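Take a look at the structure below.
Bear in mind that the values in this text are calculations on the coordinates, not laboratory data. It should be emphasised that the depicted structure is a prediction, and the values quoted were computed from it without experimental measurement. Note that we place each Cβ from the backbone using ideal geometry, even for glycine, and neighbour counts take in every protein chain shown.
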Amino acid sequence: MFAPIFQVASASATVKALIGSNPVRLYPFGYAKQGVALPYVVWQPIAGGPENYLGDVPDVDKFGIQVDVYAIDEFSARAVAKALRDVIEPVAHITAWRGESTDPDTLHKRYSFDVDWFVNR
């Protein structure tokens with residue numbers, strides 16, 4: 001009942017080269033510890049539900065998730081976002097590029113995008 005973003009991302013050598021492998025710095029929203037090494041990624045559910053049918057139970061769940069990459073500079077944030085795009089697109093749908101921003105307190109750069117993930121039950 002969850003989008004397999006961690007399994008997909010952590011299976012990629014390119015992603016792990018950018019966000020680490022021990023640990024893989026890809027966290028559900030709210031689980032990245034204070035002071036975690038950069039770059040890192042957080043994700044959170046933003047929408048979703050079962051694919052309902054008349055007269056039949058759902059066989060697919062849709063998970064809409066927001067992915068946020070944090071890095072020391074925009075170049076690192078973009079590199080991680082690109083690597084994630086490359087491993088996510090073969091198995092899910094990126095539905096929005098939310099753009100870039102700078103955290104006013106830490107000055108960390110952020111790149112954000114949304115994904116719709118269809119998971120067979």
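Some points to look at:
- Within the chain, the proportion of C-alpha pairs whose separation exceeds 22 Å stands at 33%.
- Positive-end residue of 108, 71, 83, charge dipole of segment 57-121 with Cβ unit charges: 83
- Taking 37 °C and 0.692 mPa s as conditions, segment 23-87 diffuses translationally at an estimated 238 µm²/s according to Stokes-Einstein applied to its Kirkwood radius (Cα pairs).
- Relative contact order, percent, segment 1-100 [alpha-carbon distance under 8 Å, six or more residues apart]: 26
- Pairs of Lys residues in the chain, spaced 8 or more positions apart or belonging to different chains, with C-alpha separations under 20 angstrom: 5 in total.
- Sparse packing (at most 15 other Cβ atoms within 10 Å of the Cβ) combined with a DSSP loop state is found for the following chymotrypsin sites (Phe, Trp or Tyr not before Pro) in segment 10-84: 29, 31.
- Over the chain, dividing the summed -39,500 (n - 2.57) contributions of all DSSP H runs of at least 4 residues by the number of residues returns a 222 nm mean residue ellipticity of -6500 deg cm²/dmol.
- Among the trypsin sites (Lys or Arg not before Pro) within segment 21-76, those in coil by DSSP and having at most 15 neighbouring Cβ atoms inside 10 Å are 33.
- Helix 74-88 axis versus longest C-alpha principal axis of the chain: approximately 20°, rounded to the nearest ten.
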